[in-house]
1. Roughly what would the spin-label model give for Gln14 and Asp196, points 7 Å off Cα along C-beta, in nm?
2. By accessible area of protein heavy atoms, probe 1.4 Å, what ranking do Arg183, Arg192 get, highest first?
3. Considering only DSSP beta bridges with both partners in the chain, what is the antiparallel share in %, to the nearest 5?
4. Among Val83, Leu96, Val148, whose Cα lies farthest out toward the positive end of the dipole of segment 72-207, if unit charges sit on the beta carbon of Lys, Arg (+1) and Asp, Glu (-1)?
5. What is the sum of charges, Lys and Arg at +1 and Asp and Glu at -1, for the other residues whose Cβ falls under 15 Å from the Cβ of Lys197?
6. Between Asp74 and Lys180, what FRET efficiency comes out of the Förster formula 1/(1 + (r/R0)^6) with R0 = 41 Å and r the beta carbon distance, rounded to 0.05?
7. Report ³J(HN,Hα) in whole Hz for each residue of segment 192-201, in order, from the Karplus equation J = 6.51 cos²θ - 1.76 cosθ + 1.60 where θ = phi - 60°; Gly and Pro get x.
8. Starting from the Cα of Asp157, step 7 Å toward the Cβ, then list every residue of segment 31-52 with an amide N under 16 Å from that point.
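The values are calculated or read from the model by the stated rules, or taken from the named source; none is laboratory data. Everything quoted here is computed from the prediction, not taken from an experiment. Cβ sites come from the backbone with ideal geometry, for glycine too, and all protein chains shown count toward neighbours. When the accessible area is computed, the model is the full protein with side chains, heavy atoms only, and any ligands, DNA or RNA have been set aside. Shrake-Rupley method; radii C 1.70, N 1.55, O 1.52, S 1.80 Å.
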Amino acid sequence: MKYEWRKQEKILYQPKKTPQIVEVPQQKFISLAGIGDPNGPEFKQRIETLYPLAYGLKAAYRKYAADKDIEFDDYVVFPLEGVWSLTEEGQKLDHLDKNEFSYDIMIQIPSFVPDDLIEPTIANVKAKKNPEFIDEIEIKNFEPIEAVEILHVGDYDDEPASFAKMDDFVNQNGKERAEKIHREIYLSDARRVDRDKLKTILRYKIK
C-alpha cells in the first residue's frame, strides 16, 4: 500500500481558506539552511539538492520494503516546506529586505522510513549527482506543536493578508503566537502555476 500524505494527513495538508487550529505531530526532515532572497539562484540550487535526496530515499525505502510484510511499501514524496525568519540585521530594519531572509527549506521523511537508510542515500546521491549543497544537508526533528494554519491562494507577496486573518483568529480563541518564525508548505509548483493561483499552507506555533 502506498502512503499518500494528501489522504492520510488531510488535516495538515488540506486546510481551508479560513484559519484553523491543528495539532502537528513530531516530524523529521531533510533540510538545508540559507540566507537571502528566495528569488535568487542559491535558493534554487538548494531546492535542486533536496529533491534528488527525497526521491533517492523513496527508492531506497521501496527496495527495503519489497520483501517485508509491512503496511506501507511505498509513499508519495512530501511537498517542499520552508521555515522562515529574518536575520538579526533584517529585524532591525523598518522595511522588509528579502536579502535578510533566514530560512530552512526541507522535505519531510515519513515516520516509517528507517533512519539507517538516510546516510547511505545521501552518500549515493553525492556519488552519482553531487548537487551543490549536498555537504550542508541536515536531518532535523521537530517536536509536536499546537499551531494555526490557513490555505493561502495567490502570490507569495500577498501572504500578509492571510497572516492578518490568522492573527485575528488566534486572538479570538484566547491564544497567542509563540514565536516569530513561520512555516510555508508549497502545494503548487511555482514554475508551472500562475502566481495568482499558487497554493501555500501558512502555519505558525501558538500557545
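1. 2.8 nm
2. Numbers: Arg183 25, Arg192 175 Å².
Solvent-accessible surface, decreasing: Arg192, Arg183.
3. Values: 41 of 43 bridges.
Roughly 95 percent of the DSSP beta bridges within the chain come out antiparallel.
4. Of Val83, Leu96, Val148, it is Val148.
5. So the environment of Lys197 carries a net charge of -2.
6. Numbers: r = 38 Å, r/R0 = 0.92.
Efficiency computed from Cβ-Cβ geometry: 0.60.
7. With coefficients 6.51, -1.76 and 1.60, one gets 10, 10, 4, 4, 7, 10, 4, 10, 9, 7 Hz.
8. 37-40
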